[in-house]
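The values are calculated or read from the model by the stated rules, or taken from the named source; none is laboratory data. Remember, predicted model here, so these are calculated numbers, not experimental data. For neighbour counting, all protein chains shown are included, and Cβ atoms are generated from backbone atoms with ideal geometry for every residue, glycine included.
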Amino acid sequence: MRNFKVALSQYSPSIGNIAQNAQNMLALAQQAQQQGADIIVFPELALIGYPPEDLLLRPSLLKRTQQGLSTLQQAKDIIMLAGYVHVDENGQRYNSAALIKNGEILGIYHKQNLPNYSVFDEERYFEAGHQHLIFEHAGHKFGILICEDIWIEKNTQQLSKLGVDTILVLNASPYEAGKPQQRQALVSKLAQQYNLNIVYVNQVGGQDDLIFDGASTVINGDGEIVAQAKLIEQQMLYVDFDAQHKKFISQEKPQTLDTIAEIYQLLVMSVRDYVNNSGFPGVILGLSGGIDSALTLAIAVDALGANRVQAVMMPYTYTAQISVEDAAAQAQRLGITFGIAEINPIVNGFMQTLTPFFGNSPADATEENLQARSRGTLLMALSNKFGNLVLSTGNKSELAVGYCTLYGDMVGGFAPLKDVYKTIVFELAKYRNSIEETPVIPERVITRPPSAELRPDQKDQDSLPTYDILDAILYMYIEEDLSQEDIIQKGFDADVVKKIIRLVDRNEYKRRQGAIGPRISSRAFGRERRYPIVNGWTAGL
């Protein structure tokens, strides 16, 4: 046994762009070889990117994949482990890893455990593999697993029995709060239990509503974390195997972030990648003087730079002067393009047109919604004219109970706070203010009682419980799937619980029409929480 070096390529692929991904991976492999690496490991399905979804059903998949593999085979003097889609002679697809060296594919491993829960839908696309792949280098025996495989203990146990020294794990593991720590704990436990080194390589980057956080990790057989790549960044992480001491060593030390800092950084990455990869020149949003739009603005500027962000304050009769002042103050602090557009003439025009139809009907939420829809129309017009993507500023608490207006404040192509409860919005705003000497969000925005300002002296708590109570009920109902009675038994007011659950259930139709946004929880609205809009289920049991 002799010393060797492994490169972990924490890579952000362009989903579906196999040719470009192959060129990028070849360049990274050559770079790693020049740095003395013997082996380079890429994430799961790195050649096509994860998740490719129905791109996997396209007739040209096989041809494109073969061309991509041909590019990878140009790498010299380094062993490459690359995730790709294998298509066999019968047209069956596998989530696979190719072991490539000097133009030859030395072996292929097929993922054995296909996740089909939460955001995963792999049984729709892939067949499961049934055999392990083991190879030797420098007198060292390596085994291969792909993502879900490492969560099934028997796979590690089998590789241990086969005499494997190090497991190389290719991953595309989406983020949710606490997940990096959970992964790390699992891998450390397995490494220590079976006295195996584990090299865990994860995809990084935002992809639609998913966030891949990276945090690629190397762990020795004693469970020690040797090195960990950064969150949110593409990175080449190098580790050396010291044959004398039979362990990996590295200069890169693990980083630690608290959960709020972690979430903030990942939301920034998600906005950056969605906007840039979609080809938008920048973003625009409505800046109301409230905390949601203030936090969204801060995230947008951190993601894209002030020169690519525009905000518009759109006051109406019920807009407080301090809201206008706070919006202008934040815009100035961040140095963005900012303007004020009064919507009184627009709303009045709507009302004049509608008066013959409304007759003597008393004012209600209809008139309030006209304000929101006037603002939404202005934002969409500016987006159409100049090409900037509209960011929707609503949070998870509001979307859950329908405290938002279709074609009004819900307009937009991306919603950075879609999976962020209101109580967490406050924490994120405080965190963002804490990282600079001069807070970018005016303190008054954080301390004022939240209000949509759609009628005189309106407060959110006029129609909702306080956000700590609301969010607790929502978390139990949405994330934990507790019933109405279960939640009431935990000490919450029965009438409040029934009202909140009724609001969640009846507003599914709104959420279906809203913009996508980054997933940070275990149960985001979207691909992993799919309820029929029209149904007769009751929440009591």
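Could you tell me which residue of segment 433-446 is modelled with the highest pLDDT, considering only residues that are within 16 Å of residue 326 (Cα to Cα) and outside any loop (DSSP other than H, G, I, E, B)?
Looking at the filtered set, the residue picked out is 433.
Pick from segment 110-156 the residues that are of a type in the set (S, T, N, Q) and within 16 Å of residue 199 (Cα to Cα): which of them is surrounded by the most Cβ atoms within 10 Å (Cβ to Cβ)?
My answer is 156.
Across segment 294-336, which residue is modelled with the highest pLDDT among those that are in contact with a helix residue (DSSP H, G or I) (Cβ under 8 Å, 6 or more places away or on another chain) and polar (S, T, N, Q)?
310
List pairs: first in segment 421-439 and assigned by TED's automatic domain parsing to the domain that holds residue 332, second of a type in the set (A, V, I, L, M) and part of a loop (DSSP other than H, G, I, E, B), Cβ under 8 Å, 6+ apart or cross-chain?
Here the result reads 425/417; 428/420; 429/441; 432/440; 432/441; 433/440; 433/441, each pair linking segment 421-439 to a residue that is of a type in the set (A, V, I, L, M) and part of a loop (DSSP other than H, G, I, E, B).
Name the residues in segment 470-492 that are of a type in the set (Phe, Trp, Tyr) and under 20 Å from residue 395 (Cα atoms), would you?
475, 477
Which of the residues spanning segment 355-384 are in contact (Cβ under 8 Å) with a residue 12 or more places away in the chain, farther than 19 Å from residue 402 by Cα and of a type outside the set (Gly, Ala, Ser)?
Result: 377, 378, 379, 380, 382.
Of the residues 8, 45, which single one is under 17 Å from residue 233 (Cβ atoms), among the hydrophobic types (A, V, I, L, M, F, W, C) and surrounded by 22 or more Cβ atoms within 10 Å (Cβ to Cβ)?
Values: 45 fails: under 17 Å from residue 233 (Cβ atoms).
Just one listed residue meets the conditions, 8.
Which members of segment 276-286 meet the condition of being farther than 14 Å from residue 394 by Cβ and either aliphatic (A, V, I, L, M) or under 20 Å from the mean Cα position of the chain (by Cα) (or both)?
Listed by number, the residues that qualify are 276, 277, 278, 279, 280, 282, 283, 284.
Does segment 175-190 include one or more residues that are in contact with a strand residue (DSSP E or B) (Cβ under 8 Å, 6 or more places away or on another chain), over 23 Å from residue 248 (Cα atoms) and of a type outside the set (Lys, Arg)?
The answer is yes, given that some residue of segment 175-190 is in contact with a strand residue (DSSP E or B) (Cβ under 8 Å, 6 or more places away or on another chain), over 23 Å from residue 248 (Cα atoms) and of a type outside the set (Lys, Arg).
Would you point out which residue out of 31, 73 is surrounded by fewer than 24 Cβ atoms within 10 Å (Cβ to Cβ) and over 21 Å from residue 204 (Cα atoms)?
On the way: 31 fails: over 21 Å from residue 204 (Cα atoms).
Step by step, each of 31, 73 is checked, and only 73 is surrounded by fewer than 24 Cβ atoms within 10 Å (Cβ to Cβ) and over 21 Å from residue 204 (Cα atoms).
Give the number of residues within segment 232-242 that are surrounded by 14 or more Cβ atoms within 10 Å (Cβ to Cβ) and either among the acidic types (Asp, Glu) or modelled with pLDDT under 85 (or both).
Of the residues in that region, 2 qualify.
For a quick check of your reading: which helices (runs of 4 or more DSSP H) sit entirely within segment 462-535 and have at least 2 residues that are touching a Pro at 6+ places or on another chain (Cβ under 9 Å), touching a residue at least 12 places away in the same chain (Cβ under 8 Å) and of a type in the set (Gly, Ala, Ser)?
Ranges flagged: none.
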